[in-house]
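These notes are about the structure you will find just below.
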Amino acid sequence: MRQRKAFWPALALLLGLMLTLAGAPGARAENGSGRVYVLRIDSGQAIDPGLAQFADRVFDEAGADPAAVAVAVVLDTPGGYVESAARIKDRLLHPPNGLKTIAYVENSAVSAGALIATAAEYLYMHPGSVIGAAEPRNAFTGEAADYKSLSVVVNYFTSAAIARNRDPDVARAFVDKDHPVPWQTDDLLTLDFRKAVEIGYANGIAESLEDAVRQVGVARFELVEPQWTFSEQVGRVLTTPWVAILLLVAGVIAFGVEFLQPGLTGPAALGIVCLTLFFLGNALVGTAGWVEIALAVSGLVLLGVELFTPGFGIFGLAGIAAFGGAIFLAAPSAGLAWRYLTWTTVAFAVVLFALIRAISRRGLGKVLTLKDTAKDWSAQAEDRARLVGREGVSLTVLRPAGTAVFDD
């Protein structure tokens, strides 16, 4: 009797352990079945903050799905923002619940796309695809970035390569043309699909995403492709650099018109809408929050106080600092932040010039300004031809002009 009583609890414990292991991602992967979540960065999509935010959701949904075994990234991209690619890289290097991560280069994974491909656990190349050419560029000029920025990107690539047992020298050659690999022929390294597999940077060649998933060892699977929500699409559009710059410039000029003609309300409403859309877009992609919004509102309030209650420039400077800080903190990257601030400064300068012109034509400015023009007027000058040849005493140093005394 005692042996039977001991047998049943042990059997129940064993069954529970087996069920627990069967529910774990690792066990499902070994059994070769499960769901594979797909993140598409294809059809020439740029890698931007909106995409990075969407990628976070894909990984979160995969992590919350007990049947998920992997996350696959399909790549056909010219690149994009390094900071956004770095966010996706971190998710690939540290997937939830130990999920497998697969990168499938459908056509090209260049620039920031090469960083994402490097960070995946498994990398497969479609016939005819390429990877590399990831030299960072200056957002203003399009020229190669300074060495400080280059060093950051190099470390992104090499650390990801080391974490995935790929050659860090190859990863560096993608980015830094001054550190080529011995067999490199171009200034900046780009690998075709055969070379990438030959040197072991890619795991293999795959005809399709499904083929790549099977080569990883998942024989039976269901591909799950999360779709963009409306708010994610709106956020992505609003954070497109030229859209964001247009919103900032239009907002600043609209408020300037309101200050010039108080009581119109239309320009003020337009300014509020433009600036609200700018910060809303960045909030939707996860780069702005209540701090940035509070700074922007405070800045506008302080500028209004300075305009209607002069405070010797203190309120105005504080308002400019607060509004500029809000823009800088809300921007997805430092490079974009400086572009936003540059265009905002240009718009503010236009508004300031218009304000000065308007002030000079009304109130105290009108009193201090001559109404008549000075066209064809000239100052009267004394004829000193009579002094030529005369001797006098210099009272000041002549460099060459000065003061001298002739006679009395």
Considering residues that are farther than 17 Å from residue 132 by Cα, surrounded by fewer than 21 Cβ atoms within 10 Å (Cβ to Cβ) and in contact (Cβ under 8 Å) with a residue 40 or more places away in the chain, the number found within region 90-115 is 3
Margin query: Could you go through region 221-241 and let me know if any residue there is more than 24 Å from residue 99 (Cβ to Cβ), among the hydroxyl-bearing types (Ser, Thr, Tyr) and surrounded by fewer than 15 Cβ atoms within 10 Å (Cβ to Cβ).
Written below: yes
Expected single match for modelled with pLDDT under 95 and either under 22 Å from residue 205 (Cα atoms) or among the aliphatic types (A, V, I, L, M) (or both) among 119, 134, 103 is 134
Note: among 197, 175, 218, 213, just one is in the same structural domain as residue 71 (by TED's automatic domain parsing), farther than 23 Å from residue 128 by Cα and surrounded by 17 or more Cβ atoms within 10 Å (Cβ to Cβ), namely 218
Practice item. Tell me, yes or no, whether region 198-210 has at least one residue that is at pLDDT 95 or above, touching an Asp or Glu at 6+ places or on another chain (Cβ under 9 Å) and more than 18 Å from residue 102 (Cα to Cα). Key: yes
(1) within 29 Å of residue 128 (Cβ to Cβ); (2) surrounded by fewer than 24 Cβ atoms within 10 Å (Cβ to Cβ) all hold for residue 70 apart from (2)
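Listed residues 73, 69; which is closer than 25 Å to residue 155 by Cβ, part of a strand (DSSP E or B) and touching a Leu at 6+ places or on another chain (Cβ under 7 Å)?
Values: 69 fails: closer than 25 Å to residue 155 by Cβ.
None of the others qualify; the one that does is 73.
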Only one of (1) without any contact (Cβ under 8 Å) to a residue 12 or more places away in the chain; (2) closer than 21 Å to residue 215 by Cβ; (3) crowded, with 17+ Cβ neighbours inside 10 Å does not apply to residue 126, and that is (1)
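Tell me, which residue of region 130-160 that is of a type outside the set (Phe, Trp, Tyr) and buried (at least 24 other Cβ atoms within 10 Å of the Cβ) is farthest from residue 72 (Cα to Cα)?
Quick first cut of region 130-160, residues of a type outside the set (Phe, Trp, Tyr) only: 130-139, 141-146, 148-155, 158-160.
Now drop any that are not buried (at least 24 other Cβ atoms within 10 Å of the Cβ), which leaves 131-132, 134, 160.
Values: 131: 17, 132: 19, 134: 21, 160: 17 Å.
Per the criteria, the residue is 134.
Name every residue in region 113-137 that is on the phi > 0 side of the Ramachandran plot and either touching a strand residue (DSSP E or B) at 6+ places or on another chain (Cβ under 6 Å) or hydrophobic (A, V, I, L, M, F, W, C) (or both), in order of residue number. Full working, then the answer.
Of all residues in region 113-137, those on the phi > 0 side of the Ramachandran plot come to 128, 132-133.
Within region 113-137, 132, 133 meet the criteria.
The values are calculated or read from the model by the stated rules, or taken from the named source; none is laboratory data. Treat the numbers as computed from the prediction; the structure is a model and nothing was measured. Counting neighbours? That spans all protein chains shown, and the Cβs are built from the backbone with ideal geometry, glycine included.
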